[in-house]
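A short worksheet on the structure shown next.
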Amino acid sequence: MNLFKRFHNDIVAVVEGLVAEHLLPPGLDTGRITAEPPRDPAHGDISTNAALVLAKGARMKPRELAEMLAGRLGKHGGVISAEVAGAGFINLRLDDGFWRDRLIDVLDSGTAYGDSDIGKDAGKVNVEFVSANPTGPLHIGHGRGAVFGDVLASLLEKAGFDVTREYYINDAGKGGQIEALARSVYHRYREALGEDPGEMAEGLYPGDYLIPVGRALAETDGDKWLSKPEAKWTDRFANFSVDKMMAFVRDDLEAVGISFDVFTYERNLHQKGKVEKAVDWLEEKDLIFKGTLPPPKGRIPEDYEEGREQLLFRATDFGDDVDRPLTRGADFPVKERSKHKNQNEMWTYFAADIAYHRDKFDRGFATMIDVWGADHGGYVKRMKAAVAAITEGKGELDVKICQLVNLSEGGKPVRMSKRAGDFVTLREVVDRVGKDVVRFIMLTRRNDAPLDFDLEKVTEQSRDNPVFYVQYAHARAHSIFRHAHREFPGIDISPHNLAKGPLERLTRDDEIALIKLLTTWPRQVESAAETHEPHRIAFFLLELAAAFHGLWNKGNDDASLRFLVPGDEALTAARLALVRGVALVIASGLGVLGVEPVEELR
């Protein structure tokens, strides 16, 4: 259980008790009361702002109310002092016995320690991530969004949310990347049939990964397309290529330990008329109109026509900077839209994205989390506006932008470019350093900050390598368990048995401090889940590993501080309980990250 939430509830109960005794007026708003660790540990174990936020409603001075509350809180079990500080904060100190009991909680719960139910009544959550255009294998930049999204989903699940992982496949539209993919594969198809098509045309995908796709089409369809005009083979090549690319993508994702619950194809939205239905709905709500847009800032696209009328969504009514086009070319009467033969060509990508998010909402996802790459930052406002409109304010969209990955090797940059065909794939990196390294490293920075990924440094066995540092802490704990069996034959060091041991032998300040750190894990899970910030888990694991390594190092300087104390099995058992607690919490955290905790490093 989240210890701080427990004390929050206790504080609210004290306030309600004082109201029942007519010492405080009824109707006080307790919603803003917090119970948190003090910024300075020297001030105590738990700090609350209760007196500060209730003073006005109670018609009392904050310190006066704080003294009243502190008098009641100081009588709670485990509390050894309740001190009023500053303008009216209350700092609580808890006795060592209270903390030792919390270690029992860890041992009894195992890796389920930190599980929460805060999401049980929140409804279904959709986490859409990766969603890379199906024009080639995933590169390491895609990998960051993939790991972020997958870990965020796992984190939400640990916090009790009902989560669906979804991949959106942009496979519709003419004249864009899918058409370029089809032409690229046609080039490889001709090669497979023995023709010499010359150099790959500019703007296509020259990567060797399309050679087997061209060969597969040649084996399946023979030479039937060689004499056909492009209009005849484009759809066949596009659909075949997308399916093959998505098979590659699934393999790449499986290599890094990621699977999806749902794959949604953009082309299906068009084929089922969902884009038009979404636009019709907006029209009924008077949220679209015919109008013109000023030229875009920066470089003007070649197809821009000044004064051209388009169908526009009233995005500015929902916080966007400008209204947004829903149609690509020259417009026509709204009621005649259904007569247009090429629906994919008519609608903008934005129109399809509106329909897609409406589809998610219709499937029961009021909470939607989209994980996008760094190049989509300018798209956030319009999409939030669209979701607010299309769900009539009942849906919530949180967009998480993952910044670039600066891939290097020995400090030298490694360049990547999908169109040039010399990019570094995610699969190559996973094969080189392992999926666990990739997954952990991707969470060592906030998603909105650039990430440096050095292929050499992430495999070094040093404290500068965060993956090694945390894994070493878990492996070190299990090394201590192996030595314990040799030092004390027959000792039972199972979590259940250690929880019943002489934990009162844990009296040192650094031992109690480590228990306190362990007990913040449930709070870390809940706060990271609520803020959609999975990097907090990696940060916590690094902090816990550092504390554990620090305690172990003290035993090098003073033998009496070691975890195994020859001739004193009781003290050893108590310290092993602490070590077991550390191992369980690290394993719990690594489980959220999708990283396998190792028991031995080689």
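Overview of values
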| item | result |
| --- | --- |
| Verdict on Val130 being outside any helix (DSSP H, G or I), among the aliphatic types (A, V, I, L, M) and under 30 Å from Tyr186 (Cβ atoms) | yes |
| Condition broken by His187, with the remaining ones in (1) touching a Pro at 6+ places or on another chain (Cβ under 8 Å); (2) surrounded by 24 or more Cβ atoms within 10 Å (Cβ to Cβ) satisfied | (2) |
| Among residues of segment 434-462, those that are free of Cβ contacts under 8 Å to residues at least 40 places away in the same chain and over 24 Å from Ser154 (Cα atoms), counted | 4 |
| Some residue of segment 417-437 being among the polar types (S, T, N, Q), under 30 Å from Ala315 (Cα atoms) and outside the structural domain of Glu530 (by TED's automatic domain parsing) | no |
| Test: residue in segment 559-570 that is surrounded by fewer than 24 Cβ atoms within 10 Å (Cβ to Cβ), in the same structural domain as Val467 (by TED's automatic domain parsing), among the small types (Gly, Ala, Ser) and not in a helix (DSSP H, G or I) | yes |
| Hits in segment 385-430 - residues which are under 16 Å from Gly141 (Cα atoms), of a type in the set (Val, Ile, Thr) and at pLDDT 90 or above | Ile401, Val405, Val429, Val430 |
| Per-region count, segment 455-474, residues surrounded by fewer than 19 Cβ atoms within 10 Å (Cβ to Cβ) and at pLDDT 95 or above | 1 |
| Residue within segment 546-553 that is under 30 Å from Thr34 (Cα atoms) and either out of contact with any helix residue (DSSP H, G or I) (no Cβ under 7 Å at 6 or more places or on another chain) or without any contact (Cβ under 8 Å) to a residue 60 or more places away in the chain (or both) present | yes |
| Scope segment 225-272; condition among the hydrophobic types (A, V, I, L, M, F, W, C), under 22 Å from Glu128 (Cα atoms) and over 19 Å from the mean Cα position of the chain (by Cα); matching residues | Val242, Met245, Met246, Ala247, Phe248, Val249, Leu269 |
| Criterion (touching a residue at least 60 places away in the same chain (Cβ under 8 Å) and not aliphatic (A, V, I, L, M)) met by exactly one of Arg562, Arg575 | Arg575 |
| Failed condition for Asp464, given (1) in contact with a helix residue (DSSP H, G or I) (Cβ under 8 Å, 6 or more places away or on another chain); (2) within 19 Å of Asp568 (Cα to Cα); (3) not in a helix (DSSP H, G or I) | (2) |
| Criterion violated by Ala513 - all others in (1) assigned to a helix (DSSP H, G or I); (2) touching a helix residue (DSSP H, G or I) at 6+ places or on another chain (Cβ under 7 Å); (3) among the aliphatic types (A, V, I, L, M) satisfied | (2) |
| Pairs, first closer than 29 Å to Asp95 by Cβ and among the charged types (D, E, K, R) in segment 50-74, second assigned to a helix (DSSP H, G or I) and at pLDDT 95 or above, C-beta under 6 Å, six or more apart | Arg72/Val14 |
| Residue within segment 517-534 that is more than 18 Å from Leu155 (Cα to Cα), at pLDDT 95 or above, of a type outside the set (Ser, Thr, Tyr) and surrounded by 15 or more Cβ atoms within 10 Å (Cβ to Cβ) present | yes |
| Matching residues, segment 517-544, being farther than 22 Å from Asp370 by Cα and either touching a strand residue (DSSP E or B) at 6+ places or on another chain (Cβ under 6 Å) or not in a helix (DSSP H, G or I) (or both) | Thr519, Thr520 |
| Options Arg183, Arg188, Arg144: the member that is under 25 Å from Leu443 (Cβ atoms), at pLDDT 95 or above, part of a helix (DSSP H, G or I) and not β-branched (Val, Ile, Thr) | Arg144 |
| The one condition in (1) more than 25 Å from Leu156 (Cα to Cα); (2) surrounded by fewer than 18 Cβ atoms within 10 Å (Cβ to Cβ); (3) not basic (Lys, Arg) that Gly373 fails to fulfil | (1) |
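The values are calculated or read from the model by the stated rules, or taken from the named source; none is laboratory data. Bear in mind that the values here come from a model prediction, so they are computed numbers and not experimental data. Positions of Cβ are backbone-derived with ideal geometry, glycine not excepted, and every protein chain shown enters the neighbour counts.
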